[in-house]
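Down below is the structure, laid out as structure tokens.
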Amino acid sequence: MDHTDAETRAVKDAAQAGQRGDWAHTPERSNMLALRFICLMALVCGRRITRLLLPPISLYFLLFAPAPRRHIKRYLFRAIGPHAGWLDGYRLLHAFASTVLDRVYFLRGRMDLFDVRVEGNQALEAEALKGRGAFLLGAHVGSFEAMGACKHNSLHKHELRLAMLMYPDNAQRITAILNAISLPGLRPHVIALGRPHSMLALRDWLDGGGLGGMLVDRTLPGSENQPAQQRGNNIVLPFLGHPASFDDGPFRLAALLRRKVFFMAGLYGGGARYDVRFDLLADFSERAPDPAERERRIRAAVEAYVARLDALCRAYPYNWFNFHDFWLEDSV
């Protein structure tokens, strides 16, 4: 067995053991009090003044968060090259802090503060108009909340309805944050997966022309209580030149419900600029003739997703906000 095979086996074994869940068990540094304070300051002082806090906040985390700094360094070496240094780490953290602040304004409906450009939404709108709905699979890249701009850029003046798909623990945390920040009428709909009626709720939402958005670049530990049709397998694929494990569960869900899958990204371009992009990844509308063909289609969709993410991280290296042991190098 050569070195590459050994790396792949180590990644696969660690992922199957549930070690990718380190990010899920790490306590969040932020809390509701801090979020409410930031929200209040952002609304009272305005975006320009509040952004003055971002440089010291970014520098603080760069200096005093050793574990995230280690993971950021590994990522930047792969996305940019060995010449990546402290300034690159600072730029990544500043971009992250900027999107966190802008989340307040997106969830308050202040689209007038931003220059948001949307690409590739025609095919997506066509699915919504047909009452078919679709899956939007993204990553911790840029801003998920920037997707709200699509409501204001619809070619057919059709309001796109987006639900956030997530597992119960994350759903509770995100719902609490949304309740603290957003206006009631602008609060995204949340569908918690892994519950007895999750599939019916999701199917009904999609049948009504709704879109289901999910960030799938993190693998949660499996649960025996999770319905069989929602469980996925870990697939090891090259990502930024090194083997990494990706969960095919969301793609299996799309295949089960026979929907199209789009890659989504709300890229932060600095200042007030965001570029929202959609790209068709897979079409599961037609039932596969046999199980083998279904498995082939699912794997092809995962490979297409990883290829899009790889290209995006190389083109926009300061937009990937995964500050944990993504390649499982601390566990081998």
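What the table shows:
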{"item": "Which listed residue is part of a helix (DSSP H, G or I) and buried (at least 20 other Cβ atoms within 10 Å of the Cβ), from Leu87, Leu76", "result": "Leu76"}
{"item": "Close pairs from the stretch 239-254: first touching a residue at least 40 places away in the same chain (Cβ under 8 Å) and closer than 12 Å to Val302 by Cα, partner surrounded by 23 or more Cβ atoms within 10 Å (Cβ to Cβ) and charged (D, E, K, R), Cβ under 7 Å, at least 6 apart", "result": "Ser245/Arg20"}
{"item": "Every residue from the stretch 299-332 that is touching a strand residue (DSSP E or B) at 6+ places or on another chain (Cβ under 7 Å), in contact (Cβ under 8 Å) with a residue 60 or more places away in the chain and surrounded by fewer than 18 Cβ atoms within 10 Å (Cβ to Cβ)", "result": "Arg299, Glu303"}
{"item": "Filter result for Gly120 (out of contact with any Lys or Arg (no Cβ under 6 Å at 6 or more places or on another chain), over 21 Å from Leu54 (Cβ atoms), in contact (Cβ under 8 Å) with a residue 40 or more places away in the chain and of a type in the set (Gly, Ala, Ser))", "result": "no"}
{"item": "Flag if Glu127 is touching a residue at least 24 places away in the same chain (Cβ under 8 Å), surrounded by 15 or more Cβ atoms within 10 Å (Cβ to Cβ) and charged (D, E, K, R)", "result": "yes"}
{"item": "Every residue from the stretch 123-143 that is assigned to a loop (DSSP other than H, G, I, E, B) and either on the phi < 0 side of the Ramachandran plot or among the β-branched types (Val, Ile, Thr) (or both)", "result": "Lys130, Arg132, Ala139, His140, Ser143"}
{"item": "Selected residue (only one of Ala288, Ala255, Ala282 is surrounded by 14 or more Cβ atoms within 10 Å (Cβ to Cβ) and modelled with pLDDT under 95)", "result": "Ala288"}
{"item": "Considering residues of the stretch 162-188 that are over 19 Å from Asp102 (Cβ atoms) and crowded, with 16+ Cβ neighbours inside 10 Å only, the residue modelled with the lowest pLDDT", "result": "Ala171"}
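The values are calculated or read from the model by the stated rules, or taken from the named source; none is laboratory data. Computed from a predicted model, the values in this text were never measured in an experiment. Cβ: placed from backbone, ideal geometry, glycine included. Neighbour counts: every protein chain shown.
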